[in-house]
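Worksheet: the structure to be examined is printed underneath.
Just so it is clear, none of the values below were taken in a lab; they were calculated from the coordinates. These numbers were taken from a predicted model, which means no experiment stands behind them. Neighbour counts run over all protein chains shown; Cβ positions are idealised from the backbone, glycine included.
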Amino acid sequence: MSQVRLLLALFLLIALPSTAGPLPRIAIIIDDLGYQLQAGRRAIKLPGPVAFAVLPGTPQGSLLAQLANAQGKEVLLHLPLEAVDYQGPPEPGAIMLDMSRATFQSTFAEAIATVPFAIGVSSHRGSLLTRHPGHMQWLMQEILARENLFFIDSYTTHESIALRMAAEAGVAATRRDVFLDNDRTPQAILREFERLKAKALEQGQAIAIGHPFAETLDLLERELPRLMDEGFELVTISELLPKPLNRI
């Protein structure tokens, strides 16, 4: 047992006696589904209510969304938003800062149409766009116009105002706490997974984002079945959403 895991177990023995209240809750989103069918299928088989964020307009996105839904998993539209320093090719369904309101609206509509069973929207990249009130207001209006959709800020910049704009619009929204696999080495992914549990203990709940990398799936296949025994509850992402103040 690693030193971190041993310390966590000792903390649980002290802080979570049998008469304790609700267990700390953890939700996990696997991002960037849509290009790799085999990796996507493997991810969807993860145990428990893991959510899947599917990129719009991708070759396997629609199929993987259908497969995830058939397994009772929550599906999100993983909407590309313009980043500060992205140098790659244009992404299908990307929302850009220079778009007009009409182009923004039609791009969003086309993107969400390619991801069946989506019950929410999460941001892909977005370190530029999530800082702009006008475009975030447009996005929340599009989400609000589609009944019961929610928003997850992947929080790629500390300057993001997405949650504030969601609250003002009355959109249920929250943000991730941990990226599991910015560093894909098994040791780094395990370290971030332990940090996720520490945040859940501290806050009562925590959200992690990972990707369908073999290293990430190896860890989650091994660690997710252990969460309950370690004193955590794995829940759907929708269970961790705060209720918007101006919705009835």
Pairs returned, first residue in segment 179-205 that is farther than 19 Å from R222 by Cβ, second residue that is in a helix (DSSP H, G or I), beta-carbon separation under 6 angstrom, 6 or more apart or interchain, are Q205/L240
In segment 143-152, anything buried (at least 21 other Cβ atoms within 10 Å of the Cβ) and without any contact (Cβ under 8 Å) to a residue 40 or more places away in the chain is listed as I143, F151
By residue number, the members of segment 168-189 that are small (G, A, S), assigned to a loop (DSSP other than H, G, I, E, B) and on the phi < 0 side of the Ramachandran plot are A172
Scanning segment 82-125 for residues that are outside any helix (DSSP H, G or I) and within 17 Å of A169 (Cβ to Cβ) gives I95, G120, V121, S122, S123
Reported set for segment 126-159 where residues are touching a Gly at 6+ places or on another chain (Cβ under 8 Å), outside any loop (DSSP other than H, G, I, E, B) and of a type in the set (V, I, T) is I152
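In segment 106-131, how many are out of contact with any strand residue (DSSP E or B) (no Cβ under 9 Å at 6 or more places or on another chain) and either among the basic types (K, R) or buried (at least 17 other Cβ atoms within 10 Å of the Cβ) (or both)? It would help to see each step written out before you state the result.
Of segment 106-131, the ones out of contact with any strand residue (DSSP E or B) (no Cβ under 9 Å at 6 or more places or on another chain) are 106, 109-110, 113, 131.
Next, from what is left, pick out any that are either among the basic types (K, R) or buried (at least 17 other Cβ atoms within 10 Å of the Cβ) (or both): 131.
Within segment 106-131, residues that are out of contact with any strand residue (DSSP E or B) (no Cβ under 9 Å at 6 or more places or on another chain) and either among the basic types (K, R) or buried (at least 17 other Cβ atoms within 10 Å of the Cβ) (or both) number 1.
Checking the conditions here, which among A118, A102, A83 is hydrophobic (A, V, I, L, M, F, W, C), within 18 Å of the chain's Cα centre (by Cα) and farther than 25 Å from N69 by Cβ?
On the way: A118 fails: farther than 25 Å from N69 by Cβ; A102 fails: within 18 Å of the chain's Cα centre (by Cα).
None of the others qualify; the one that does is A83.
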